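**Q** I'd like to ask you about the structure that follows.
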Amino acid sequence: MSDIVKEATEYRIKQIELAEAKYYKTLIATLDRIEREVISLANRLPTQDGKLIELQSAIAIRPRIKFILEREYLAWSDTVVREGFNKQAKRIEKAFKLIGNIPPQFQELTKGDLALVQNLKQQYFTQFKDVSNTFTRRLSEKIYQNTLVGSDFAVLEKELRQTINGIYASADDPEAQRLIDYINENKFDKSKRAIVDKSIQTLQSKFARDRAGENMKRYAGQILNDSLRDFDATLNFNKSNDAGLTFVKYYGDVIPTTRDHCRNIINGVYDKRKSGLFTIDEVKSLWTNRSWKGKKSGNPLVVRGGYNCRHQWSYVNPDWYDAQGELII
């Protein structure tokens, strides 16, 4: 018998991955536009012999940077929150209907579910907006500080580009730009993961680009990842709680970068039952009594393995499984 719970959960996970890949591509285009416009704006600052010279102009540029980020980045964020969350809510509803062995009144999105969706939209849009405000300030500070010490414009330009796009900032070197374009285009293609990783290593070693760093692309990409998955987990938790489902099962791929915590749950290391089911209290105990890199605060049923985690819980009834852990509904 096919495992309808597994199929429904993998459907949700797959659709999140497709949505993330779609919005990440539009994020790349958005940040590239921001990079071009901010550099163009900074290029109008007064210089003498290539060095920045006028603090008043450096201070006056901040509201124009804020306008660029709000027009481009917040418009992109609004699309993610409105379109992305609405579509994933419908997919959760579809998954509940697909499983079927749940009271009909809980299979569809209720008024309470819709109110939660709206609250989550506001919550995550605020996180996106915080990134816009943070990098408006950081870009403005870069301009002010470089003007204060009379830096060459070329120094400021490099800092502005890397503050926005980090390792993926536009490059004059054609080879570096080809690597950047390839990485951005194939980041979510699992069949090209090894080549993408090698391309990143080449950027780091040959072109002296540091992958770590506090740049806008890194923060926006992480919020994109976590917001889509945390939204799915929160709405799924809420609906399942209303339906009286108090057992869970963990789903998702195990890949080389999978955290040991997630790997152990999926591989049955912590199992108390052949079915691989956990009570909600057992999940909370597992989460509370262990530490790992990337763990974040919050409800473990929502935050799962932590930042950038790609796994999801599904809520079930233990009566759906036989003594061998096989699904019988």
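**Q** Select from region 218-272 the residues that are aliphatic (A, V, I, L, M) and touching a strand residue (DSSP E or B) at 6+ places or on another chain (Cβ under 9 Å) and write down the one among them that is farthest from Lys190 (Cα to Cα). Write out each step before concluding.
**A** Going residue by residue through region 218-272, those that are aliphatic (A, V, I, L, M) are 220, 223-224, 228, 233, 235, 243, 245, 248, 254-255, 265-266, 269.
If we keep only those that are touching a strand residue (DSSP E or B) at 6+ places or on another chain (Cβ under 9 Å) as well, we get 233, 243, 245, 248, 265-266.
Values: Ala233: 23, Ala243: 36, Leu245: 34, Val248: 28, Ile265: 23, Ile266: 20 Å.
By that ranking, first place goes to Ala243.
**Q** Restricting the search to region 283-295, which residues are surrounded by 14 or more Cβ atoms within 10 Å (Cβ to Cβ) and either polar (S, T, N, Q) or modelled with pLDDT of 95 or more (or both)?
**A** Ser285
**Q** Looking at (1) assigned to a helix (DSSP H, G or I); (2) among the charged types (D, E, K, R); (3) within 28 Å of Lys192 (Cβ to Cβ); (4) touching a residue at least 24 places away in the same chain (Cβ under 8 Å), which is the one condition that is false for Lys293?
**A** (1)
**Q** OK, next. Just to be sure I understand, how many residues within region 21-47 are open to solvent by less than 10 Å² (accessible area, probe 1.4 Å) and among the acidic types (Asp, Glu)?
**A** 1
**Q** Somewhere in region 201-213, is a residue at pLDDT below 90, part of a helix (DSSP H, G or I) and surrounded by 19 or more Cβ atoms within 10 Å (Cβ to Cβ)? Step through it out loud before you land on a result.
**A** The initial filter retains those residues of region 201-213 that are at pLDDT below 90, namely 201-213.
Keeping just the survivors that are part of a helix (DSSP H, G or I) gives 201-205.
With surrounded by 19 or more Cβ atoms within 10 Å (Cβ to Cβ) added as a condition, the list becomes 203.
Looking for residues that are at pLDDT below 90, part of a helix (DSSP H, G or I) and surrounded by 19 or more Cβ atoms within 10 Å (Cβ to Cβ), one finds at least one in region 201-213, hence yes.
**Q** I'd like to check something: does region 57-75 contain any residue that is part of a loop (DSSP other than H, G, I, E, B), at pLDDT 90 or above and either in contact with a Cys (Cβ under 7 Å, 6 or more places away or on another chain) or farther than 22 Å from Cys309 by Cα (or both)? Write out each step before concluding.
**A** We begin by selecting, within region 57-75, every residue part of a loop (DSSP other than H, G, I, E, B); these are 61.
So of that shortlist, the ones also at pLDDT 90 or above come out as 61.
Adding the requirement that they be either in contact with a Cys (Cβ under 7 Å, 6 or more places away or on another chain) or farther than 22 Å from Cys309 by Cα (or both) leaves 61.
Checking region 57-75: at least one residue is part of a loop (DSSP other than H, G, I, E, B), at pLDDT 90 or above and either in contact with a Cys (Cβ under 7 Å, 6 or more places away or on another chain) or farther than 22 Å from Cys309 by Cα (or both).
**Q** Give all pairs with beta carbons closer than 7 Å in which a residue from region 1-29 that is under 19 Å from Asp189 (Cβ atoms) meets a residue that is in a helix (DSSP H, G or I) and of a type in the set (Phe, Trp, Tyr); count only pairs at least 6 apart in sequence or on separate chains.
**A** Thr26/Trp76; Leu27/Trp76
**Q** Name the single residue, out of those in region 223-278 being open to solvent by 30 Å² or more (accessible area, probe 1.4 Å), assigned to a helix (DSSP H, G or I) and among the acidic types (Asp, Glu), that is farthest from Tyr24 (Cα to Cα).
**A** Filtering first and then ranking leaves Asp242.
**Q** Here is a check on your reading of the model: is Asn165 free of Cβ contacts under 8 Å to residues at least 40 places away in the same chain and within 23 Å of the chain's Cα centre (by Cα)? If you could, list the steps in order and put the result at the bottom.
**A** Details: free of Cβ contacts under 8 Å to residues at least 40 places away in the same chain: no; within 23 Å of the chain's Cα centre (by Cα): yes.
The answer is no for Asn165.
**Q** Taking into account only those residues within region 296-312 that are of a type in the set (D, E, K, R) and in contact (Cβ under 8 Å) with a residue 60 or more places away in the chain, which is most open to solvent (accessible area, probe 1.4 Å)? Write out each step before concluding.
**A** In the first step, residues of region 296-312 are kept if they are of a type in the set (D, E, K, R); the result is 296, 304, 310.
Those still in the list that are in contact (Cβ under 8 Å) with a residue 60 or more places away in the chain too: 304, 310.
Values: Arg304: 6, Arg310: 85 Å².
For region 296-312, the residue satisfying everything is Arg310.
**Q** Now, a different point. Give just the number: which of (1) touching a Leu at 6+ places or on another chain (Cβ under 8 Å); (2) more than 24 Å from Ile102 (Cα to Cα) does Phe278 not satisfy?
**A** Among (1) touching a Leu at 6+ places or on another chain (Cβ under 8 Å); (2) more than 24 Å from Ile102 (Cα to Cα), the lone unmet condition for Phe278 is (2).
**Q** Is there a residue being open to solvent by less than 50 Å² (accessible area, probe 1.4 Å), closer than 17 Å to Asp253 by Cβ and in a loop (DSSP other than H, G, I, E, B) anywhere in region 313-329?
**A** no
**Q** Since Ala220 meets every condition but one in (1) at pLDDT 90 or above; (2) under 30 Å from Thr30 (Cα atoms); (3) surrounded by fewer than 19 Cβ atoms within 10 Å (Cβ to Cβ), which condition does it not meet?
**A** (3)
**Q** As an exercise: evaluate Arg64 against (1) open to solvent by less than 10 Å² (accessible area, probe 1.4 Å); (2) over 30 Å from Phe231 (Cβ atoms) and give the number of the one condition it does not meet.
**A** Against the list (1) open to solvent by less than 10 Å² (accessible area, probe 1.4 Å); (2) over 30 Å from Phe231 (Cβ atoms), Arg64 comes up short only on (1).
**Q** Output the residues belonging to region 30-80 that are touching a helix residue (DSSP H, G or I) at 6+ places or on another chain (Cβ under 6 Å), free of Cβ contacts under 8 Å to residues at least 60 places away in the same chain and of a type in the set (Phe, Trp, Tyr).
**A** Trp76 - this is the single residue of region 30-80 that is touching a helix residue (DSSP H, G or I) at 6+ places or on another chain (Cβ under 6 Å), free of Cβ contacts under 8 Å to residues at least 60 places away in the same chain and of a type in the set (Phe, Trp, Tyr).
The values are calculated or read from the model by the stated rules, or taken from the named source; none is laboratory data. As the structure is a prediction and not an experimental result, all values here were calculated from the model. Here the Cβ is made from the backbone with ideal geometry for all residues, glycine too, and neighbour counts use every protein chain on show. Areas reflect the complete protein model, heavy atoms only, side chains present, ligands, DNA and RNA absent. Shrake-Rupley method; radii C 1.70, N 1.55, O 1.52, S 1.80 Å.
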